[in-house]
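Structure record follows, encoded as structure tokens.
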Amino acid sequence: MRLRDRRPVDFIANHGQWDRRINFIARQGSMTAAVDQTTLALRLDGDRPAAVSLTFENASSEVVVAGERKRATHYNFYLGNDAGKWQSNVPAYAAVAYRGLYDGIDVRLHEPAGQLEYELRLAPGADLDQFVIRADGVSGLRIENDGSLVLETPNGSLRQSAPTTWEELPDGRKHFLESGFRKIDGQRYGFAVAQRDHTLPLVIDPGLVWSTFLGGSGADFLGPAVVARDGTGDVFVGGTMASPDFPSFSDPSFAPGTQVPAFVARLDSTGSALRYATFIGSWHAQIVHRGLAVDPAGNAVLVGQTYATDFPITAGAFSRVGGNKDAFVVRLNPSGGLIFSTVLGGSGEDDSSAVAYDPAGNVIVGGTTASSDFPTTPTAFDPTYNTPNAPADGGAHGDMFVVRLTPDGSALTYGTFIGGPQADVLEDLVVDSNGFVTAIARLKLDGAGAADLKYATLIGGASQDNLWKAAIDPLNPELVTFAGRSWSNNYPVTAGVVRPTNPPFSTLFPDVEAGIITRFRFPAAGGGSLVWSTYHHGDRITGLTVNAAGEPIVVGPSAPWDMVTTRGAYDRTADGSGAPGAGFISRLSADATQYLYQSFFGGSGGIADNFQTVPQVAYVTGNTVIVSGQTTSNDFPITATAVDPTSSNAIGGGASNEGFVTKITLDADASGDLSASRRGVRISSLGAFRFPQGLHPPSRRDTRD
């Protein structure tokens, strides 16, 4: 079985998160291998799914299946609302051994160089004829002239290369022997070895190579990335995992293609190791990730929306289950273990889109609700629902909400609506060091009713305007920057900014979408609260952060038709049409009067821009940031030590979205060289997510000097 990625395979132990008959599961790319007491079951998901089970016939009932070479990575599974089935700190191994499978015969599963292999080890005197494999899911088998075994299936063939066989001599050397497959009938086979010395141990090592089944795995989505504040430099990533579990042994009610658990993963600062991966949610309904935050101790909190009726809720957590689509909140400890998990909802649709910690460690959650009975507190700014005519299933379009949960999730200590009689949507929120919450409106959650509202304003032009992201200046919390997009040619801008107008694409298309960046200062001083405001090229902004110098850094999903890159930009080439194919990253001066760094990023494919995932950016230090998102490029830039360096698209898997996490330093090149040099730029791709296999950014083709 040729695996999709060069990242080592993890054989994850079953501690109760899967069907009890399974001992281990390994996944890589679109491939899944499930191990039970007598069977190795293989499945490939994609455009041409296939499943083959290799059963060891007449195996011993005393066989012991055990993991070998324990990995440093561990996994956490919080699936469904039965806490007895939740599992944390689940170990993973580099190999699995069947000990005592037959009298004197052990089998070992491992994965050297991206190829899953099973290795037979025979003790002196063991009878090889007792070893028989029955292949289910095949229409026949044949032995090729090169000695390989081909198992035919309706959708292609599974090829096992001719075995390598040797005797282990007393001095440790290997004595290689002629060997081959032994066909018994149309479903069964074994092995034959010539001139064997029965007094010596024997090893038979065939390889499995999938030759025809090329395709992507499930549509996993990567969400925001957050940099740890505990001094480690680790990177946290949230998302949604849709690659199906192995159906023959897991849950027969699982529907392939359904979005299933959300996940949080923690990578080390170099992108070369996955510290943990935790899965939360349900196998039976869609889970949509929205926002992620991490406190100084490394406790992560993920929010989003769940369709599941069995979403895991921890004992003692405040919860309000509405029975429609509810918002969820999950908090994890630094090792990925569950602190609390809960849902918030009412009779309509509810969605949590943003989360942050306040200075006291409380969890502040913002979102949108179509529920008039969404949980609020009596003395909040507005405990009364304002959009009575919004449909209950209208995509959660109704009022915005902001709630505060205690660090252990046991109580909702503040909850308010924000909005008017028409639909309002909360996209993002931030909390400063004084506890002020800025989420379109600026609030202090004091429970003083209307007095909690400290500032609110409308901003926009004659057409549609959207502010999607907010960021606080890390050294000056009075400054809050917003970014998004505008179709208006009269969006409010200030004098002297780098881009005061939104020029038309052409006379035929006078109204074009443009990025917008706007900075406010709080406490508010009327019109003086607007520090500066500017347009930003002909494309939307989906990610925003601010560095320690107060400089905004923005990213977006496609190459603006009118963007000019700066000296030393990592990638200065794009097709210039604004069509998908490359994203952009820009660093502006703190007063928005100039571009300090502008570059394209990506490969020959597109950067995803949909309701599940858009490119986002997080601040690390200096001019270094983390960019995360999804790409269909198999030539996306990577580094050699990335956790997972290969995309399934590069193997011919089609244009499926691959997650990427990239660490890049946005240093300008002051040399005056206008060529596409990378001087001053340090980039290291931390990988891509399609769980549980981990991270896999594609390789980059680049012939530039």
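Every number here is computed from the coordinates shown, using simple stated rules; none is lab data. No experiment lies behind these values; they were computed from the predicted model shown. Using ideal geometry, Cβ is built from the backbone for each residue, glycine included, and neighbour counts are taken over all protein chains shown.
Here are a few things to note about the model shown:
- Scaled to the globular estimate 2.2 N^0.38 Å, the Cα spread of the stretch 285-355, given as radius of gyration, is 1.06.
- Spin-label model distance (nm) - residue 194 vs residue 310, 7 Å beyond Cα toward Cβ: 5.6 nm
- Cα gyration tensor category, rounded, prolate or oblate, for the stretch 68-119 with a/c compared to 1.5: prolate
- Distant-in-sequence amide H partners of residue 532 (H built 1.01 Å from N, under 5 Å): 519
- For the pair residue 524 and residue 15, a Förster radius of 51 Å applied to the C-beta separation gives a FRET efficiency near 0.45, rounded to the nearest 0.05.
- For the stretch 11-210, relative contact order (Cα pairs under 8 Å, six or more residues apart, normalised by length) works out to 17 percent.
- P(r) weight above 30 Å for the stretch 11-210, C-alpha pairs, percent: 23 percent
- Estimated inter-spin distance, residue 229 and residue 455, nm [label 7 Å along Cα→Cβ]: 2.0 nm
- Other residues with beta-carbon under 10 Å from the beta-carbon of residue 277 carry, at +1 per Lys or Arg and -1 per Asp or Glu, a net charge of +1.
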